[in-house]
Amino acid sequence: MTGDQAPEDRVDFVWPLGEAKARLSELIDRVEREGPQVISRRGREVAVVVPVEEWRRKSVRAGSLAQFFAESPLRDSGLVVERERSDPQHRDVVL
């Protein structure tokens with residue numbers, strides 16, 4: 001462990017990979033109590049362990065873009081959006 005403080009005493013603790021492996025049960029307990037836990041490898045943050053319910057909540061697909069537009073409250077509003085044509089964008093294409 002880095003320093004002389006235990007991870008539970010530090011708010012901004014990042015678990016070094018070796019310590020996370022050795023203390024996996026404790027890491028999981030902290031995930032359940034405190035939320036996401038960050039794991040680092042060679043000083044670089046590489047992973048986050050999150051509670052399964054949070055993962056499920058954030059992994060739910062909200063739908064397609066077509067579905068978003070189809071369900072928009074503006075769909076039948078008569079709103080017409082036109083592109084501004086006074087300043088055309090020219091791009092060089094290199095093939």
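Values in this text are rule-based calculations from the coordinates and carry no lab data. Remember, predicted model here, so these are calculated numbers, not experimental data. Ideal geometry is used to build each Cβ from the backbone, glycine not excepted, and the neighbour counts take in all protein chains shown.
Of the candidates GLU84, GLU19, GLU54, which one comes out as most mobile in a Gaussian network treatment of the chain with C-alpha springs shorter than 10 Å?
For the chain, modelled as a Gaussian network with Cα springs under 10 Å, the answer is GLU84.
Residue by residue through the stretch 69-78, which ³J(HN,Hα) values in whole Hz follow from phi under the Karplus form 6.51 cos²θ - 1.76 cosθ + 1.60 (θ = phi - 60°), with glycine and proline marked x?
5, 5, 9, 5, x, 8, 4, 9, 7, x
Return the sequence-ordered ³J(HN,Hα) values of the stretch 26-40 in whole Hz as given by the Karplus equation 6.51 cos²θ - 1.76 cosθ + 1.60 applied to θ = phi - 60°, using x for Gly and Pro.
5, 4, 5, 4, 5, 4, 5, 7, 10, x, x, 10, 8, 10, 10
GLU53 versus LEU65, label points 7 Å from Cα toward the beta carbon: distance in nm?
3.5
Could you derive backbone 3J(HN,Hα) for the stretch 49-54 from the dihedral phi with the Karplus parameters 6.51, -1.76 and 1.60 (θ = phi - 60°), listing whole Hz in sequence and x where the residue is Gly or Pro?
Ordered by residue, 3J(HN,Hα) equals 9, 10, x, 4, 5, 5 Hz.
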